[in-house]
Every structure is written in structure tokens, then in C-alpha cells.
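The structure under discussion appears below in the form of C-alpha cells.
The values are calculated or read from the model by the stated rules, or taken from the named source; none is laboratory data. Predicted model, so just to flag it, every value in this text is computed and none were measured. All Cβ positions, even for glycine, are placed from backbone atoms using ideal geometry, and neighbour counts span all protein chains on display. In case anyone asks, the SASA skips ligands and DNA or RNA and just uses the protein heavy atoms, side chains included. Shrake-Rupley method; radii C 1.70, N 1.55, O 1.52, S 1.80 Å.
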Amino acid sequence: MRRAVKIGTALGAAAVVAALGGALAVRELRPATASADAPLARVPGPHGTYTPVSALQPQVPKGARIDRYTLTAEYRTLTIGGETLRAMTFNGTAPGPLLVAHQGDVVEVTVHNHLSAPLTVHWHGIPVPGAEDGVPGVTQNPIAPGGSYTYTFVAKEPGTYWYHSHDNSFEEVGLGLYGAIVVLPKHPLYPAQRDYTLVLHEWPNASTAQAMMESLSSGRSGFSPAGGMGGMGGMGGMGGMGGMGGMGMMASSGGNTAGGSNSIQHVLPGPPLQQNGFAPTAEDFAALDEMAGMYGAFAVNQNADGNTVLPAKPGDLVRLRIVNSGNMTHLLTIVGAPFRVVALDGHDIANPGWLKGVLLPVGAAERYDIEFRVPASGAAYLVSADPDATARAELRAAIGEPGAWSAFQPVPAATLEREPWFDFTDYGRGRLPGEAVFRLHQAYQVRYGMKLTVGMSMNGMVYAINGRVFPNIPPIVVHEGDAVIVHIVNDSPYIHPMHLHGHDFQVLTRDGRPVKGSPIFLDTLDVFPGESYDIAFRADNPGLWMFHCHDLEHAAAGMDVMVQYAGVTDPYPMNEMSE
């Protein structure tokens with residue numbers, strides 16, 4: 001595969017690089033109380049108390065409307081891009097059914113596991129209570145084969161979100177356990193006549209899918225280069241944090257202690273820090289194409305034939321909700337009509353401007369809501385400008401009349417490639433009514449430096465935060481109410497879409513420059529090689545929350561850290577923890 005060639009080339013370069021130094025420290029304004037324990041620390045909460053994350057349940061309003069759904073995880077044989085493969089599905093399809101709720105509704109989803117592997121469901125981007133986050137070994141026990149589990153939360157925040165398995169997620173999401181969820185607002189800011197949700201996904205070929213299935217059947221995630229979390233030994237419960245017994249086993253199997261099989265031996269050099277705004281560099285294009293060779297097809301919903309048509313009439317105002325459930329970043333644009341980005345990661349943008357001839361870099365796990373009007377010619381077209389020719393041919397959709405593709409005039413790839421990239425740090429104007437914002441130079445109770453690097457271990461490539469590989473990364477410890485600022489630097493040649501569970505965050509700077517337009521709130525930030533960002537969030541949702549790369553291969557190979565509220569403990573066996 002193409003990736004194997006790149007790994008070999010990178011290893012040659014890494015051989016002349018000095019070994020990685022120590023970890024960057026968490027910088028807190030209050031006296032440091034966190035120990036060096038990882039991935040969780042023994043830190044008491046208010047008045048010295050401890051609360052298991054399982055106790056952080058939803059507060060269901062009396063008389064609230066309840067939206068009930070059932071998701072059944074089951075094997076199905078699917079034909080994707082002309083190739084037949086065995087997939088893992090929700091309700092027989094991949095993506096699973098679109099779940100639609102209304103703001104303020106109680107959402108109740110019962111999941112039945114008819115697979116031979118365990119799973120959980122994570123509600124990506126939705127600020128669910130701590131007990132409902134769907135991370136095995138942290139917020140629940142995994143749903144065993146033949147078992148069931150019901151998730152309950154209040155849909156407080158409207159927007160475009162998605163759901164997916166968080167157990168061995170590189171394999172299980174890759175093989176089909178994902179779907180979209182839309183929470184409709186009480187008072188739409190940007191109402192449209194047509195509202196469509198498109199879920200983009202990269203599919204392995206049949207032989208790779210079989211290897212991923214075999215990895216799961218072995219009872220551990222072992223398909224990724226570093227073996228994922230599969231080697232983690234039994235931890236026992238952490239209910240009282242009792243001396244963190246067993247943590248040495250975790251560190252020796254997955255961390256950076258002497259002799260650890262995933263210890264970083266060489267670091268791959270990253271590019272210089274970017275200072276070119278959103279003008280793409282050669283490193284950016286190389287990073288876009290880095291994973292394409294791993295996949296056999298690129299699908300829009302379940303269609304990889306490149307002939308998707310969404311019905312609409314000339315003059316219709318269309319809202320297109322684009323969900324990227326894969327691991328790659330895709331360059332997308334609308335041909336045939338001006339468009340505007342009305343929401344990112346489910347959050348409306350104030351006064352968005354109209355765009356034409358601009359590429360949207362839609363990162364892994366990100367969501368873009370775009371709006372346009374179908375032209376008099378009969379159709380507008382969502383097209384890809386990816387470097388990979390297969391992706392360009394398959395990641396596309398026509399929005400208009402039934403014969404839209406017969407009238408399509410393809411735009412040459414060289415022309416698309418020259419179009420500028422969307423700059424979300426200078427887009428929109430003003431802010432939404434009642435929107436609370438952070439300032440770069442305000443008081444922050446917690447400051448954290450996050451340096452992203454890639455290195456080599458005895459097992460292959462590992463993806464590190466501050467020179468350490470999960471689970472041997474100390475947590476970011478916060479107290480409820482804290483303002484938290486994180487400085488992220490990508491010192492690697494790869495793209496890292498960094499996702500924070502349970503919260504959204506405001507982007508304050510990119511490459512040292514403050515955001516100029518409308519305040520931008522995300523839950524997943526696509527960090528390109530050499531980029532740096534400052535982001536801020538309020539610690540207003542107690543729990544144990546993962547902060548990880550959503551290139552799920554990277555997460556499985558170490559790029560994860562925990563955001564731990566003081567006093568919140570994990571009552572579940574941590575040997576079940578999975579990215």
C-alpha cells in the first residue's frame with residue numbers, strides 16, 4: 001500500500017534524528033495538585049470528595065418529549081464501489097439511520113449488539129452527561145455480543161452531529177458503525193427549503209476489510225501499526241483510585257518506560273511552522289494524500305459510484321450537511337452556484353459571506369453545513385478536489401433535477417487545485433445574540449501546551465502528545481468552572497484532527513494570528529503540518545473526557561489524552577479502554 005512506502009521513507013529520515021526529549025508540563029495557575037499518574041490522576045474534588053463518572057446521569061425535564069430510537073449492530077454484505085465486502089452496520093446500512101431530534105427533546109437510543117465483537121456508541125459533538133459518552137472502560141462497560149444498552153441525553157444544542165462506535169474504532173468505524181444525528185433548532189437562524197445530510201466515508205477494499213475483521217475477532221485492536229490499545233493489561237476498577245494499582249502494567253505495555261514496546265525511539269521531523277495563512281503548501285497536499293492508498297472506495301452515504309442526485313428545483317434554497325466519518329481530509333466545493341458556510345461542527349456562524357471558487361478542507365469527524373440556491377440551469381454540484389483521482393471521481397453529488405449528471409461540465413483537476421482554501425479564521429462578522437466568547441489575554445485557570453509529533457517504536461509508527469504515547473500521558477486536570485486554554489502545535493508531517501469529547505471550544509488564534517471574523521466554535525480541529533492554534537473552553541460538563549486525534553489510526557497508536565475533572569473517578573475496568 002502507498003502508506004507502507006511512506007512509512008519506509010520516513011523511517012530512513014528518522015534514523016538521523018535525536019531521540020525525543022521529555023514531556024511538556026501542564027501549566028496551571030493554581031498550585032499543582034496532579035500527580036504524574038496516567039492516563040488518570042488522583043485529584044480530589046470539592047471538599048475532598050470523589051464521584052464515579054457513572055453517577056453523572058442526565059437530568060430529564062418533566063414532561064419533555066422523548067425521541068426513542070433503536071440501533072441494531074449487525075453484519076451485512078455490502079457492495080461499495082463495485083466491490084463486495086463484509087461490513088458492520090447499524091440497522092443494516094452504513095451509514096446507519098439518520099436520527100433527527102428537536103432541540104429540548106430527550107433522546108433515548110437503545111443499542112443491540114448482534115456482532116461477535118463488543119462495541120459502544122459515542123455521540124460525537126453532543127455535550128452529553130459524563131455517563132453517556134460511550135467510551136469503554138471510562139464511561140461504561142462495552143456492550144458485549146448479544147447485549148443491549150440504552151443511552152439517554154437531552155438534545156440541548158441544535159446542529160449537525162454524528163454517532164459511531166468508540167470500541168476499537170479504527171476497525172469498527174472503518175467497517176461501517178457510524179451514522180449522523182441532526183438536532184433541529186427551535187428557531188432556525190438559516191431556514192432552507194431542502195435539507196440534506198451527506199456522510200462521507202473511506203472504505204477499505206475486501207482483503208483489508210477481512211484483515212480488520214480478523215483483528216477484531218482476536219479480541220483486541222491490532223490492525224494499526226502500533227497495535228492500538230490491544231496490549232494493555234488488566235487494570236481493575238479505579239473507583240477509589242486506590243493507589244492507581246496496575247498503572248505500571250499499563251505503562252510498560254503501551255507507554256514510554258524503558259523496554260516498552262511502543263516507546264518512541266526516533267521522531268520524524270516536522271515541517272517549519274506555517275506562516276502562509278490558508279495558502280496550501282506542498283506539505284499540505286502531501287498530507288492530504290497520505291492515506292489514500294489504504295482505501296478502495298470513497299462513498300457519499302452508501303454510494304461510491306459518483307452519481308448521487310439529491311432532488312431539488314431551480315430556486316430552492318438548500319442546506320447541505322456534510323459529515324466526514326472517515327480518517328482523511330477532503331477538499332470539497334460547490335460548482336454552479338455561490339454558497340456560504342452557515343455552521344461548523346453544529347455551531348451557527350454569524351453573518352456568513354457568500355463564496356465561489358473556494359475549497360472547503362473538511363477534516364475527519366468535522367461537519368460543514370453549507371447553503372446555496374439551485375440555479376436556473378437545474379443543478380448545483382458538490383465536487384472533490386482531492387489529490388487522489390478515485391476520491392475525485394466518487395466523492396460528489398448533484399443537487400437538482402433527475403438528469404443533472406448528464407448536463408455536468410467537469411472542472412479540470414488542475415483548475416480546482418488552484419482554488420483558494422476556506423479560511424474559517426476570517427469569515428463571518430459580528431457574533432450571535434447571547435454568545436459568550438473568550439479572549440486571548442483573559443485569565444485562564446488552566447493552560448496546557450500540546451505538541452503533536454510522530455515517531456517510531458519497536459512496533460512501528462506511534463503518534464505522540466508532548467513526547468508521550470497514550471496511555472502514558474498525564475491528564476489535563478480541571479475543576480468545574482475553569483477557563484482552559486490549549487496551545488496546539490503540529491510538529492509532524494501529518495494532519496491531526498483533534499477532537500475534544502463533551503465540550504466545544506473556541507478557536508482564538510491560528511499560527512499566532514487572532515481570529516478576525518465571527519467567533520468559531522468547534523469540537524474537532526483539523527491541524528495541518530506546521531500549524532499552531534490557541535483554543536479555549538469552559539469546564540462546564542463534569543466527567544472524564546478524551547481529547548484525541550480523530551484520524552483513528554493515529555488515536556489507536558497513541559495520540560490521546562484525558563481531560564479529567566477533579567474528583568471524578570472511573571469505576572470501570574480500564575483494560576477495556578479503547579480509542
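Computed quantities for the displayed model
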read-out: Coil-residue trypsin sites (Lys or Arg not before Pro) of the stretch 432-528, DSSP, other Cβ within 10 Å capped at 15; value: R439, K516
read-out: Electrostatic dipole magnitude of the chain [Cβ: Lys, Arg +1; Asp, Glu -1; Cα centre; debye, to 20]; value: 680 debye
read-out: Too-long pairs where the Cα-Cα distance tops 24 Å, listed order kept, from K62/K156; K356/K451; K313/K356; value: K356/K451
read-out: Extreme residue, positive dipole direction of the stretch 64-215, given options A144, L85, V109 (C-beta unit charges); value: V109
read-out: Placed amide H near H266: partners under 5 Å, 5+ positions off or other chain; value: M456
read-out: Highest average packing first - 169-182, 517-530, 103-116, Cβ atoms within 10 Å; value: 169-182, 517-530, 103-116
read-out: The chain, relative contact order [Cα under 8 Å, separation at least 6], %; value: 21 percent
read-out: Normalised convex hull volume, the stretch 519-575, alpha-carbon set, Å³ per residue; value: 121 Å³
read-out: More than 16 Å apart - percent of Cα-Cα pairs taken over the stretch 453-529; value: 62 percent
read-out: Prolate/oblate/rounded call for the stretch 474-579, Cα gyration tensor, a/c under 1.5 rounded; value: oblate
read-out: 39 Å tail of the calculated P(r), the chain, as % of Cα pairs; value: 22 percent
read-out: Span-like helix ranges in the chain, DSSP H, alpha carbon extent 15 angstrom or more, Kyte mean at least 0.0; value: 2-14, 206-217
read-out: HN-Hα J in Hz across the stretch 154-163 - Karplus 6.51, -1.76, 1.60, θ = phi - 60°, x for Gly and Pro; value: 9, 7, 6, 9, x, x, 9, 9, 8, 10
read-out: DSSP-loop chymotrypsin sites (Phe, Trp or Tyr not before Pro) across the stretch 349-416, with at most 16 other Cβ within 10 angstrom; value: W354, F408
read-out: Mean-position separation - Cα centroids, the stretch 429-463 and the stretch 171-200, in angstrom; value: 26 Å
read-out: Dipole-positive endmost among H187, F153, H164 within the chain (Cβ charges, Cα centre); value: H187
read-out: Relative contact order of the stretch 299-418, defined on C-alpha pairs under 8 angstrom at six or more residues apart (%); value: 36 percent
read-out: Portion, in percent, of the accessible area of the chain that falls on carbon or sulfur, probe 1.4 Å; value: 53 percent
read-out: Value of [θ]222 nm, deg cm²/dmol, for the chain, DSSP H segments ≥ 4, -39500 (n - 2.57) each, nearest 500; value: -3000 deg cm²/dmol
